[in-house]
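First the structure, in the form of C-alpha cells, and then the observations on it.
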Amino acid sequence: MSENHRLRDYQAKRDFRRTGEPNGGGRKPGDKPVFVIQKHDARAMHYDFRLEAEGVLKSWAVPKGPSTDPRQKRLAVATEDHPLEYADFEGVIPEGQYGGGTVLVWDTGSYRNLKEDANGEEVPIRKCLIDGHVTVWLEGEKLTGGYALVRTGPGGAGDRNWLLIKMKDSEADARRSPVSTQPDSVLTGRSLEQIAQEESRT
Ligand code: MN
C-alpha cells in the first residue's frame with residue numbers, strides 16, 4: 001500500500017480549507033525514523049503517540065499519556081495514519097473540525113526498533129505492527145528508553161486497543177511523571193493556553 005493510500009482516512013476526515021493541519025505527501029523519510037507525542041486538548045484531553053513507519057506516522061491516542069513507570073500500563077487506541085509532516089504540527093484545529101482543539105508537540109526525537117528474532121535479526125516494524133507487539137527505544141527530550149506497544153485483542157478491524165508500557169531498563173523511573181511536571185511544548189516552550197491565545201490573535 002502506498003503512503004497516499006495510507007493517508008486516505010486521514011484526508012477524508014479533514015477539510016484542509018478550514019484546518020491548518022498538513023494534508024500530507026510533502027515529506028520524505030529521513031535517516032532515522034522519528035516519534036512524536038502530541039498533547040491534544042480536544043473534547044477529551046489526550047496524548048497522540050506517533051511512530052514513523054512505512055512512510056507515515058502510525059498513531060495511537062493515549063488518554064493518560066505515557067508513563068516512565070513500568071508498572072503503569074496506559075491504554076493506547078489506534079487511530080488513522082498521519083503524514084510525516086504532522087510531527088511538527090502545533091496549533092489550533094478549528095471547532096467543528098475533526099479533532100477540534102489545541103495541539104502541542106509534547107515530545108519528539110528519533111527511535112530505534114528493538115524487536116529481534118531468535119537469530120538476533122531486526123524484525124521489520126511493519127511485521128511488529130501486524131503482530132501487535134512493537135518495542136522501540138525512544139530518544140526524546142522528556143522520554144528516553146524502551147517502550148512497548150502491545151495490542152490487547154486478536155487484531156483486525158475494530159480491534160483498536162493497545163497498551164503503552166515503559167520497559168524495565170536504565171531509563172525507567174517510577175518517581176518521574178513528565179506528563180504532569182513537563183506539560184509544555186518541546187518545540188516552542190509554549191503551553192496549550194499560550195498556543196490557543198496566540199492563534200486567536202492571528
Ligand atoms: Mn488527537
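Would you mention how many residues in the range 1-44 are outside any loop (DSSP other than H, G, I, E, B), among the aliphatic types (A, V, I, L, M) and open to solvent by 30 Å² or more (accessible area, probe 1.4 Å)?
Residues meeting the conditions: 2.
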>> Any residue that is under 20 Å from L104 (Cβ atoms), away from the ligand (no atom under 15 Å from the Cβ) and either of a type in the set (S, T, N, Q) or assigned to a loop (DSSP other than H, G, I, E, B) (or both) - is there at least one of those in the range 45-68?
In response: yes
>> Every residue in the range 45-78 that is modelled with pLDDT under 95 and open to solvent by 30 Å² or more (accessible area, probe 1.4 Å), please.
In response: E54
> If you scan the range 97-133, which residues turn out to be of a type in the set (S, T, Y), within 16 Å of the ligand (Cβ to nearest atom) and at pLDDT 95 or above?
Replying inline: T102, T108
> Do you know which residues across the range 79-96 are open to solvent by 20 Å² or more (accessible area, probe 1.4 Å) and away from the ligand (no atom under 12 Å from the Cβ)?
Replying inline: D81, E85, D88, E90, V92, P94, E95, G96
>> Looking at S191, S185, S200, S177, can you tell me which residue is over 17 Å from the mean Cα position of the chain (by Cα), open to solvent by less than 30 Å² (accessible area, probe 1.4 Å) and in contact (Cβ under 8 Å) with a residue 60 or more places away in the chain?
In response: S191
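The values are calculated or read from the model by the stated rules, or taken from the named source; none is laboratory data. Note that this is a predicted model, so its numbers are computed, not measured. Cβ coordinates were reconstructed from backbone atoms using ideal geometry, including for glycine residues, and neighbour counts include every protein chain displayed. The area values use the complete protein model at the heavy-atom level, side chains included, leaving out ligands, DNA and RNA. Shrake-Rupley method; radii C 1.70, N 1.55, O 1.52, S 1.80 Å.
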